[in-house]
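Novice: Below is the structure I would like to discuss, written out as structure tokens.
The values are calculated or read from the model by the stated rules, or taken from the named source; none is laboratory data. Everything quoted here is computed from the prediction, not taken from an experiment. Cβ sites come from the backbone with ideal geometry, for glycine too, and all protein chains shown count toward neighbours.
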Amino acid sequence: MKAKSTASAFLIVGAVLGSSTAFEALWLQTDPSASSALAQELLRTSPADVQHGATIARRWCSSCHVVASNQRQVTGEAPPFEAVARRPGFDQNRLAYFLLDPHPKMPDMGLSRTDAADLAAYIASLGK
């Protein structure tokens, strides 16, 4: 019950503040591993756009990751997206959250929550 009330509180704050800095700060302090349902509710209220995620992947990720089956070469040693999606315990929502604050070797792409969810949905589609 607590996760649902917390999610509702964030959604209300989001509605009031829109995409303001205050809401972004609250969002970035949220731990998605605490509740997958909470993470999913916070990430988006409508279905992710896999095609938009593919566009983001080609633009931002293809120099280091293999992002599509027809891609032949990369300059980095990062894992192919299909391999990421097939890892045991892969969670699309946790990946979307991770993409909002990537590890040091990744560029800060400045993804919105929607973009991160779309990119994660695209990666997840490659594992099916």
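Novice: Give the number of residues within the stretch 115-128 that are under 13 Å from GLN51 (Cβ atoms) and surrounded by fewer than 20 Cβ atoms within 10 Å (Cβ to Cβ).
Specialist: Residues in the stretch 115-128 being under 13 Å from GLN51 (Cβ atoms) and surrounded by fewer than 20 Cβ atoms within 10 Å (Cβ to Cβ): 1 in total.
Novice: Give me the residue from the stretch 51-95 that is polar (S, T, N, Q) and surrounded by 13 or more Cβ atoms within 10 Å (Cβ to Cβ) and, out of that set, nearest to ASP115 (Cα to Cα).
Specialist: Ranking the candidates gives THR55 first.
Novice: Related question: If we scan the stretch 56-72, do we find a residue that is of a type in the set (D, E, K, R) and at pLDDT 90 or above?
Specialist: Yes, some residue in the stretch 56-72 is of a type in the set (D, E, K, R) and at pLDDT 90 or above.
Novice: Something else: How many residues are in a helix (DSSP H, G or I), of a type in the set (S, T, N, Q) and either closer than 16 Å to GLN51 by Cα or not assigned by TED's automatic domain parsing to the domain that holds ALA54 (or both) if we restrict to the stretch 67-96?
Specialist: 1
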